[in-house]
Amino acid sequence: MGKNNHIVALDNKQEEAASKIEIIKNLIFGENIQVYDSEFESLKKDIEKKKKALEELIEEVRQDLKTAIDNVATDVNIRITELEDKIEEKIENLETEKVDKKMLGKLLIDLGEKVSAK
């Protein structure tokens with residue numbers, strides 16, 4: 001018996017086993033098997049529909065989150081810019097106050113010299 005003969009014999013045994021399984025299924029389930037197949041197909045379609053709906057919902061939530069993150073980032077950038085502006089203003093005010101103190105000190109010295117001179 002050649003290699004091809006073994007393969008043919010094996011294929012025949014598998015077909016015979018599959019045929020026997022089919023006969024047993026028909027004996028056990030009878031006509032109900034078609035009803036079960038129909039119900040399984042219906043369930044499969046329902047699951048696919050729900051899966052698609054969930055995927056759409058996930059994408060919608062993803063877009064909402066992206067928009068929310070963008071909004072927060074924009075708000076943070078605006079607040080940082082406002083803080084930078086306030087800090088620059090405070091620094092300018094401090095520099096102005098220091099200049100005024102120097103000027104005041106010079107004026108006091110000048111006044112003191114004038115008072116001493118008289």
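Values quoted throughout were computed directly from the atomic coordinates according to the rules given, and no laboratory measurement underlies them. Computed from a predicted structure; not experimentally measured. Cβ atoms come from the backbone with ideal geometry, glycine included; neighbour counts cover every protein chain shown.
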Return the subset of Lys20/Lys52; Lys66/Lys90; Lys86/Lys106; Lys13/Lys52; Lys86/Lys114 for which the Cα-Cα distance in this structure is over 32 Å, preserving the input order. Lys20/Lys52; Lys66/Lys90; Lys13/Lys52; Lys86/Lys114
The alpha-carbon center of the stretch 69-111 and that of the stretch 28-42 are separated, in whole Å, by 81 Å
Residue of Thr81, Thr96, Thr67 that the Gaussian network model of the chain assigns the largest fluctuation, springs spanning Cα pairs under 10 Å: Thr96
Put +1 on the Cβ of each Lys and Arg and -1 on the Cβ of each Asp and Glu in the chain; which of Ile78, Met103, Ile28 then has its Cα farthest toward the positive end of the dipole? Met103
Across the Cα atoms of the chain, what radius of gyration and what greatest pairwise Cα-Cα distance (Dmax) are found, in Å? 44.7, 140
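Using unit Cβ charges (K, R positive; D, E negative) and no other charged atoms, how large, in debye to the nearest 20, is the dipole of the chain about its Cα centre?
Numbers: 21 positive and 28 negative charges, 106 e Å.
The dipole of the chain has a size of about 500 debye.
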Per the helix-only calculation at 222 nm, which mean residue ellipticity applies to the chain, given -39500 (n - 2.57) for every DSSP H run of n ≥ 4 and division by its residues, nearest 500 deg cm²/dmol? -36000 deg cm²/dmol
